[in-house]
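Engineer: Encoded as structure tokens, here's the structure I'll be asking about.
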Amino acid sequence: MKKILFVASEGVPFIKTGGLADVVGSLPKYIDQENFDVRVILPNYMSIPRQWKDKMQYRTHFYMNLNWRTQYVGVLEYQYEGIWFYFIDNEFYFTGSKPYGNIYEDIEKFAFFSKATLSCLPALDFRPDIIHCHDWQTGLIPVFLHDSFQENEFYRGIKTIMTIHNLRFQGVWDKKTVQDITALSGYYFTPDKLEAYGDANYLKGGIVYADYVTTVSNTYAKEITMSFYGEGLDGLMRARSNSLRGIVNGIDYEEYNPDSDALITYPYNAKNFRKEKIKNKRALQQELGLAVDDKVFMIGIVSRLTDQKGLDLIECVMEELCAEDTELIVLGTGEERYENLFRHFAWKYSNRVSANIFYSNERSHKIYAACDAFLMPSLFEPCGLSQLMSLRYGTVPIVRETGGLVDTVEPYNQYESTGTGFSFKNYNAHEMLDTIRYAKEIFHNKKREWNKIIDRGMAKDFSWSTSARKYEELYELL
Ligand code: GLC
């Protein structure tokens, strides 16, 4: 039985700011429990809801050095849906209303978290064969493990995997401060190790020292070896390409199941969506105060409102997008500029635009169930999960051809009657608009074709069943 430890800065259902949390919360359940003992370790943020905090049990505590600092490390535990979750407790670092804050604070916070994770393992009596690290917040783990932890026999031979969910965020700060926090010697702060462009870079450290590197789709794995998507680390990605692999994300098919989803008003499935799905559309139109109209083309957006997600394209053609026969529903928070854009249009076209500038899991399910199409014109997209949720709910994705969107959405071909969605190539607002208009035209004038697109989308399998096997293969390989 191989022991695997997932280490991440967020995980569903405890704490979520993005797709990382969905992956960390769902993938462990789908790894074969007969052959693998998978556990997860997360920070015990103050912002984790009371409902979960009340369930956590004290396991152990000790004090740990972070160079000249001495810090308390508590460990809490809770078994959820068969998986053991550990929570590193420290009120100084994990305070505040959100997991992340100022980068200079986060830099120390996650150095602490990474070292505490390694340090607590003997006390948990859990010696993982593999530590599976996710994103920059855990990048120091392979580095620490390579360094002073080697002195202790317990740690020798533990392998590491670094999974990149988003190469844009790397955890970068000046070398002197990072050295003062980590107590790593000057040896590590050179351009072939932690240093990048003069600064210390946590993710780079993780990529250099991990035994294997993965990212969350095949296309993104290729893209990041090139300069446009490489975020300054494409050279390193090329250097590691022999131990770099893309494994496309899945979603939790139990949580996202239109046939049994308690959060939506009218359940439906691949057989009866033609009659039943539309009831969700009417219900949401009513709930959000939009014109109740079956014929209007209803587009959903559930997203962090940032440049990554292609929001500037939407901004550019917002007026044309909100045409007479279209409704637009947005859910999410992010850059003020985009929050205000949607608020403004919701005011201007109150019967066809709905701006939900907050995050609500329940509302997101209702949007997936109600909308005709889902818009995701990302500038870059390591995998993307909401297009998978849309496909599962028979909501046709309209995406830009980048990263995981290429691997999961097959463009409609009217001559061959194939495809599960619509896509466009260039990062260009009018190319996006043309694609949306084309989709709308099929929706309005070729309803049978439209429904067949939905048929094909709902028949796809983006549960973890395939990808979890690929992680298992990798665990066996190491
Ligand atoms: C990040 C990426 C997204 C990916 C998710 C989970 O949020 O931006 O594309 O789906 O991580 O891996």
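The values are calculated or read from the model by the stated rules, or taken from the named source; none is laboratory data. All of these numbers come straight from a predicted model, not from anything done at the bench. Cβ coordinates were reconstructed from backbone atoms using ideal geometry, including for glycine residues, and neighbour counts include every protein chain displayed. These area figures cover heavy atoms from the full protein model, side chains too; ligands, DNA and RNA do not enter into them. Shrake-Rupley method; radii C 1.70, N 1.55, O 1.52, S 1.80 Å.
Engineer: It is to be established whether one or more residues within the range 175-187 are modelled with pLDDT of 95 or more, within 16 Å of the ligand (Cβ to nearest atom) and open to solvent by less than 50 Å² (accessible area, probe 1.4 Å).
Structural biologist: Looking through the range 175-187, none of the residues is modelled with pLDDT of 95 or more, within 16 Å of the ligand (Cβ to nearest atom) and open to solvent by less than 50 Å² (accessible area, probe 1.4 Å).
Engineer: Applying the selection to the range 217-227, what residues are within 16 Å of the ligand (Cβ to nearest atom) and part of a helix (DSSP H, G or I)?
Structural biologist: Residues satisfying the conditions are Asn218, Thr219, Tyr220, Ala221, Lys222, Glu223.
Engineer: Give me the strands (runs of 3 or more DSSP E) completely within the range 1-89, filtered to those with at least 3 residues that are open to solvent by less than 20 Å² (accessible area, probe 1.4 Å), ordered by residue number.
Structural biologist: Result: 2-7, 36-43, 69-80, 83-89.
Engineer: Something else about it: Any idea how many residues of the range 165-187 are in contact with an Asp or Glu (Cβ under 7 Å, 6 or more places away or on another chain) and of a type in the set (A, V, I, L, M)?
Structural biologist: 4
Engineer: Just to be sure I understand, how many residues within the range 333-358 are of a type in the set (D, E, K, R) and touching a residue at least 40 places away in the same chain (Cβ under 8 Å)?
Structural biologist: Adding up the residues that qualify gives 1.
Engineer: Looking at Lys452, is it under 25 Å from Thr215 (Cβ atoms) and of a type in the set (D, E, K, R)?
Structural biologist: No.
Engineer: Do any helices (runs of 4 or more DSSP H) entirely within the range 376-478 hold 2 or more residues that are touching a Ser or Thr at 6+ places or on another chain (Cβ under 7 Å) and closer than 30 Å to Gly230 by Cβ, and if so, which?
Structural biologist: Where helices (runs of 4 or more DSSP H) fall fully within the range 376-478 and carry at least 2 residues being touching a Ser or Thr at 6+ places or on another chain (Cβ under 7 Å) and closer than 30 Å to Gly230 by Cβ, they are 386-392, 403-408.
Engineer: Assigned to a helix (DSSP H, G or I) and open to solvent by 50 Å² or more (accessible area, probe 1.4 Å) - does that describe any residue in the range 133-146?
Structural biologist: yes
Engineer: For Thr214, state whether it is in a helix (DSSP H, G or I) and within 16 Å of the ligand (Cβ to nearest atom).
Structural biologist: Against the criterion (in a helix (DSSP H, G or I) and within 16 Å of the ligand (Cβ to nearest atom)), Thr214 does not qualify.
Engineer: What is the residue count in the range 347-371 for residues that are open to solvent by 20 Å² or more (accessible area, probe 1.4 Å) and either more than 15 Å from the ligand (Cβ to nearest atom) or part of a helix (DSSP H, G or I) (or both)?
Structural biologist: Summing the residues that are open to solvent by 20 Å² or more (accessible area, probe 1.4 Å) and either more than 15 Å from the ligand (Cβ to nearest atom) or part of a helix (DSSP H, G or I) (or both) in the range 347-371 gives 14.
Engineer: While we're here: Could you please give the count of residues in the range 385-401 that are within 10 Å of the ligand (Cβ to nearest atom) and open to solvent by less than 10 Å² (accessible area, probe 1.4 Å)?
Structural biologist: 2
Engineer: Which condition does Gly235 not pass, out of (1) open to solvent by 10 Å² or more (accessible area, probe 1.4 Å); (2) within 16 Å of the ligand (Cβ to nearest atom); (3) in a helix (DSSP H, G or I), if it passes all the others?
Structural biologist: Condition not satisfied by Gly235: (2).
Engineer: Quick check on this structure: which one of Leu203, Leu194, Leu167 is in the same structural domain as Val24 (by TED's automatic domain parsing) and more than 16 Å from the ligand (Cβ to nearest atom)?
Structural biologist: Leu194
Engineer: Next question. Being open to solvent by 60 Å² or more (accessible area, probe 1.4 Å) and farther than 13 Å from Ile454 by Cα is the filter here, so list the residues in the range 255-274 that pass it.
Structural biologist: Glu255, Asp259, Ser260, Ala262, Thr265, Tyr266, Pro267 - these are the residues of the range 255-274 that are open to solvent by 60 Å² or more (accessible area, probe 1.4 Å) and farther than 13 Å from Ile454 by Cα.
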